[in-house]
Amino acid sequence: MHELISWLLNTIGSMGYPGIFLLMAMESSIFPVPSELVMPPAGYLVQQGQMNMSLVILSGTFGSLAGAYLNYFAALWLGRPLLVRYGRYFWIKEEHFNRVEAYFQQHGEISTFIGRLLPVIRHLISIPAGLARMNHLRFSLYTLIGAGIWVSVLAWIGYFIGAERELIVQYSHQAVLGAIALCVVSGLVYTVLYRRRVRLQEGN
């Protein structure tokens, strides 16, 4: 792990902000590049005066959006036609897609936001959003918000940890737990507000 972090430091240091963008784009698509090992080293380079925190966060956030776009548009243009055509061979019916589409029409924003904060799910949440033809602007907005929060937390972890590289994994795990707690709270608040809105609409 120490050697991997050293390699990432050298890579990010040599490639600069485009390197952060590229690695985070890979992390948000289907490539196994964990953001927990990309953004903290970038934050460490900020602490060393080699990079700017705002540009690090922007590079990581928009890199995440670029990777999310890859999955989103692949699912939008290719996924649904292929799965509708061949899904019956895997017991997937078109009505299943209709349910997913209806769900994302109602809850796409909170699903995308929460999905960007959770391990594994952040790699995959763009696919059902694309399959459901979620509004592109809303998908982009909530992807940016969720990714921006996550990227910022990891970058600042690297900044404050400094040279204590062995602590990166430890604090990144704590950040994951904090993100899960935030997702639970956000989900509960959203559920309460959504049910209240439904009751008001039914009352009218």
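In table form, for the structure just shown:
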item	result
Some residue of the range 18-27 being among the acidic types (D, E), under 24 Å from I161 (Cβ atoms) and either surrounded by fewer than 19 Cβ atoms within 10 Å (Cβ to Cβ) or modelled with pLDDT of 70 or more (or both)	yes
Helices (runs of 4 or more DSSP H) contained in the range 92-190 and holding at least 1 residues buried (at least 17 other Cβ atoms within 10 Å of the Cβ), of a type in the set (S, T, N, Q) and modelled with pLDDT of 85 or more	136-161
All positions within the range 112-154 that are closer than 26 Å to I20 by Cβ and among the polar types (S, T, N, Q)	T112, S126, S140, T143, S152
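The values are calculated or read from the model by the stated rules, or taken from the named source; none is laboratory data. Please read all numbers here as calculations on a predicted model, not as lab measurements. Note that we place each Cβ from the backbone using ideal geometry, even for glycine, and neighbour counts take in every protein chain shown.
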